[in-house]
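Everything below concerns the one structure shown next.
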Amino acid sequence: MKVAFIGLGHMGAPMSRNILAAGHDLVVHDLRPETAADLVADGAAWAGSPRKAGAGREAVITMLPGPPAVEQVLLGARGLLAGMSAGSVWIDMSTSSPAVADRVRAQAEPRGIAVLDAPVSGMVTGARDGTLQIFAGGGADTFAKMRPLLAAMGDPERIVHAGAHGAGYTAKLMINLLWFAHLTASAEVLTIGTRAGVDLGTLRRCLLASPAASHFLDRDLLSVLEHGDYDDGFALALACKDLGLAGDLARAAGVPAPVSAAVEQVYRQARARYGDAGGEMLPVKLLEDLTGTPLRLPASPSLPAPQE
């Protein structure tokens, strides 16, 4: 398939590499031409603008930081939409908002250009390994047509047609919102419990053996508890962006969301303290620093060396 990929950041670069490895004819574009050097060396072609990237392509994928970037790339000067042809498909894999895609779709569909929103979950590791979870919103026929292309980047068992246009964005935002809420609540619970005198490892085991157990507490939080790694692969600025979009969605849906608003405020405090580029798990450190309570499990004893 003739494919273009726009946005070669932490996620987009390995995703586009997997498309190239799957044998697709690939054109790439990014604001920073140097991000495409390795891909071009391996057989991809470079386009100097979004409009040029879309010319003659059957599918164009965007993986961008957020709604303003999506709108600018699609509808701005030398924008992608102007270069795309009837019968082609725009697939937005950014974590964005239905409102922006609606504005693009209003111009795309009368020209015979189909649209899918297909944001992803799985972080940089999943992007590199081609095991991303993908949530697609749009027409069933378009989804079926593009599924082989999506499978070049994601786990085929976890590529989900979430529903109509916007459903993919919504599913991804709700996943991120719940994950950030898990983090915020878990940090509070563990800090309160340890400050009240319970050993951290014992408290965690009690929680995992209870109805309050979660995958987050069992797996995701271990990077902090064992290594002090706050995951700088996903920046606080992006986490705050996603939480803001989730809040916008709640208001548009007419749903009061006080817990979500509290989580967003904790993340914004962490961003103010540690900076835009800080890792997404730094709200744990925020509470550690405010209370003087490092949440660290003791190192596991090393196994004795095998005897000759």
With the structure loaded, tell me whether residue 127 is among the small types (Gly, Ala, Ser), touching a strand residue (DSSP E or B) at 6+ places or on another chain (Cβ under 7 Å) and modelled with pLDDT of 95 or more or whether it fails that test. no
Six or more apart or on different chains, Cβ under 7 Å: which pairs go from a residue in the stretch 121-135 that's within 14 Å of residue 160 (Cβ to Cβ) to one that's open to solvent by 50 Å² or more (accessible area, probe 1.4 Å) and in a helix (DSSP H, G or I)? Could you list them? 121/175
Output the strands (runs of 3 or more DSSP E) that fall wholly within the stretch 1-114 and possess 2 or more residues being in contact (Cβ under 8 Å) with a residue 24 or more places away in the chain and open to solvent by less than 10 Å² (accessible area, probe 1.4 Å), or say none. 2-6, 59-62, 89-92
How many residues does the stretch 154-171 contain that are in contact (Cβ under 8 Å) with a residue 40 or more places away in the chain, open to solvent by less than 20 Å² (accessible area, probe 1.4 Å) and on the phi < 0 side of the Ramachandran plot? 2
Given the criteria open to solvent by 50 Å² or more (accessible area, probe 1.4 Å), closer than 21 Å to residue 126 by Cβ and assigned to a loop (DSSP other than H, G, I, E, B), does residue 218 qualify? no
Looking at (1) touching a residue at least 40 places away in the same chain (Cβ under 8 Å); (2) more than 30 Å from residue 98 (Cα to Cα), which is the one condition that is false for residue 219? (1)
May I ask you to say which residue of 126, 130 is surrounded by 15 or more Cβ atoms within 10 Å (Cβ to Cβ), on the phi > 0 side of the Ramachandran plot and of a type outside the set (A, V, I, L, M)? 130
Filter the stretch 269-285 for residues that are surrounded by fewer than 20 Cβ atoms within 10 Å (Cβ to Cβ) and of a type in the set (A, V, I, L, M); the one that is nearest to residue 97 (Cα to Cα) is 277
State which residue is farthest from residue 258 (Cα to Cα) when the search covers only the stretch 187-212 and only residues that are of a type in the set (Ser, Thr, Tyr) and open to solvent by 20 Å² or more (accessible area, probe 1.4 Å). 202
I'd like to verify a number: residues in the stretch 55-91 that are over 13 Å from residue 4 (Cβ atoms) and in contact with a strand residue (DSSP E or B) (Cβ under 9 Å, 6 or more places away or on another chain), how many? 4
For the structure I just gave you, tell me whether residue 235 is at pLDDT 95 or above and among the aliphatic types (A, V, I, L, M). no
Where a residue in the stretch 241-268 is open to solvent by 30 Å² or more (accessible area, probe 1.4 Å) and its partner, wherever it lies, is part of a helix (DSSP H, G or I) and of a type in the set (Lys, Arg), with Cβ under 9 Å and at least six apart: 257/251
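The values are calculated or read from the model by the stated rules, or taken from the named source; none is laboratory data. Source: prediction; values computed, not measured. Glycine also receives a Cβ, built like all others from the backbone with ideal geometry; neighbour counts cover every protein chain displayed. In case anyone asks, the SASA skips ligands and DNA or RNA and just uses the protein heavy atoms, side chains included. Shrake-Rupley method; radii C 1.70, N 1.55, O 1.52, S 1.80 Å.
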